[in-house]
Amino acid sequence: MNAPERARARLAPAFDNGFARLPERFYTRLEPWGVPDPHLVAVSPDATALLGLAPDVLACPEAVAWLAGNRRLPGSDPLAAVYSGHQFGVWAGQLGDGRAHLLGEVAGPQGNWEVQLKGAGRTPYSRMGDGRAVLRSSIREFLCSEAMAALDIPTTRALALVGSPLVVHRETPETAAVVTRLAPSFVRFGSFEHWAAARDIEALRLLVDHVTERHFPEAFDSANRAEALLAAVSRSTGHLVAQWQAVGFMHGVMNTDNMSILGLTIDYGPFGFMEAFNGAHVCNHSDSAGRYRFSRQPQVAHWNLLALATALLPLLGDDAERARAAVDGPYADAYNARFAAAMRAKLGFAAPHPDDESLIGGLYGLLQRNRCDYPMFFRQLGRLPSRPDAATRAQLDAPVRDLFPDRDDCDAWLASWRQRLMLEGRADGERQQSMNRANPSYVLRNWVAETAIRAAQGGDFGVVAEVLDCLRRPFDEQPRHARFAAPPPDWADGLEVSCSS
């Protein structure tokens, strides 16, 4: 057995592709273009395990050629899907996988995963694009996909990242890369909008049947699959966005074509994690109107769900009130319940209390006034005692108080927080451990991603691996990675990301 045969035998995914069994108007079959002289930049051990593989399987030259799109992976059936969508609130018409190729679907130990190459060349849906991804944005997507999974936030996954010396032109010339992404499905809100806009009701119904049968069996068995699907998607989206808000994640470009029908975080571009807290922060330099600022994400998600509801109206008897009801209640209930539970966990509360909403609102006002570092505040808060002696309180509280320019403002809120803790009488050790499980020390700060990017652009991929290793355990104390929990250094103050990121 030669080397390629050995690699094929070790990898040997049993490909299927349920999406390819839809009629051919849903996609275009085509081969990836690939990239010249590919080299492996990074592999996610956790993502490879989803496919029942060991990470070293992807390190051989044959596997790198597959991951680059230079050779067809045996059993795969590459295609690019068509969809449409609203971009920045405006109908953009037909879009689609402009630089992504769906290879097929692989059965893993705990479920099926579609495998997609992002950046492997033009498709009929590329419009004016070149079908490429650059190393900079690909590192960001690779690291953040796996960071979000470690934070237990629903997300697409990143299996591997391949680089190439191929020059790609963005704001400046950059080198190309290909990310191998995994998801149970890459269907988006815009997939349904496309067929509604085309007035192809048969295709709309087929897509509803495909998604519900494979991913929402309760909806598939319901009297009206479209209505049940809409309610289920509203709930999962509410859960997702509540988790974004609690952890301080900003997507940056919540267009309807970037919203997963499964409630996954998808299409990482100009994302960011909140550092110096500002509810009006816009992480996407291209978003000049601030449509997708942090504080508006819950409202934008609701708007996007209503766009999905409009697309599904032909399957709901054109009953707009019925469609809206399938969105409003399920979304609000799911969002409010998940956000409240997440914030109670972050604050160390074991059970709800009527005053929690006021206390949480007061906290956000405090953080807004003082521009406190968001992840650092919560992590340090979890270390404070609930009943400090008056003589030592200032010293014990210093790790939190020192984050605030107005320490009196901080002291007043801490007093209210401690009064709330007293209502439960929970032991400090138990409460602190639970807070540490809810408040990460490590998120993918922009400056950390930029550090990995600059090293990789210089040929050193070790920093990408080091950052990934850290982000796989975001709730653990990791002394050797402590620098990755720090606020941005002076050189990183002006970092910006845009839709090309």
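Any idea how many residues of region 216-261 are closer than 30 Å to Ser441 by Cα, in a helix (DSSP H, G or I) and among the small types (Gly, Ala, Ser)?
4
Does region 148-158 contain at least one residue that is β-branched (Val, Ile, Thr), crowded, with 22+ Cβ neighbours inside 10 Å and in the same structural domain as Asp318 (by TED's automatic domain parsing)?
Within region 148-158, not a single residue is β-branched (Val, Ile, Thr), crowded, with 22+ Cβ neighbours inside 10 Å and in the same structural domain as Asp318 (by TED's automatic domain parsing).
Being closer than 18 Å to Ala68 by Cα and of a type in the set (Lys, Arg) is the filter here; which residues of region 94-129 pass it?
Arg99, Lys118, Arg122
Return the pairs, sorted by first residue and then second, in which the second residue is at pLDDT 95 or above and surrounded by 13 or more Cβ atoms within 10 Å (Cβ to Cβ), the first residue lies in region 344-355 and is outside any loop (DSSP other than H, G, I, E, B), the beta carbons are less than 6 Å apart, and the residues are 6+ apart or on different chains.
Ala345/Ala438; Lys346/Phe378; Lys346/Ala438; Lys346/Asn439
Please go through region 311-327 and give me each residue that is free of Cβ contacts under 8 Å to residues at least 60 places away in the same chain and either in contact with a Lys or Arg (Cβ under 6 Å, 6 or more places away or on another chain) or not in a loop (DSSP other than H, G, I, E, B) (or both), ordered by number.
Listed by number, the residues that qualify are Ala320, Glu321, Arg324, Ala325.
Going through Ala107, Ala68, Ala92, Ala158 one at a time, which residue ends up being of a type in the set (A, V, I, L, M), at negative phi and under 22 Å from the mean Cα position of the chain (by Cα)?
Numbers: Ala107 fails: under 22 Å from the mean Cα position of the chain (by Cα); Ala68 fails: under 22 Å from the mean Cα position of the chain (by Cα); Ala92 fails: under 22 Å from the mean Cα position of the chain (by Cα).
The unique qualifying residue is Ala158.
Being under 29 Å from the mean Cα position of the chain (by Cα) and in a loop (DSSP other than H, G, I, E, B): is that true of Leu403 here?
Answer is yes for this residue.
Which of the following residues is assigned to a helix (DSSP H, G or I), at pLDDT 95 or above and crowded, with 19+ Cβ neighbours inside 10 Å: Glu213, Glu193?
Details: Glu213 fails: crowded, with 19+ Cβ neighbours inside 10 Å.
The match here is Glu193.
Could you grab the pairs with beta carbons closer than 7 Å, sequence gap of 6+ or different chains, first residue in region 420-431 and under 16 Å from Met343 (Cβ atoms), second one surrounded by 11 or more Cβ atoms within 10 Å (Cβ to Cβ) and of a type in the set (Asp, Glu)?
Qualifying pairs under 7 Å: Arg420/Asp355.
The values are calculated or read from the model by the stated rules, or taken from the named source; none is laboratory data. Computed from a predicted structure; not experimentally measured. Neighbour counts run over all protein chains shown; Cβ positions are idealised from the backbone, glycine included.
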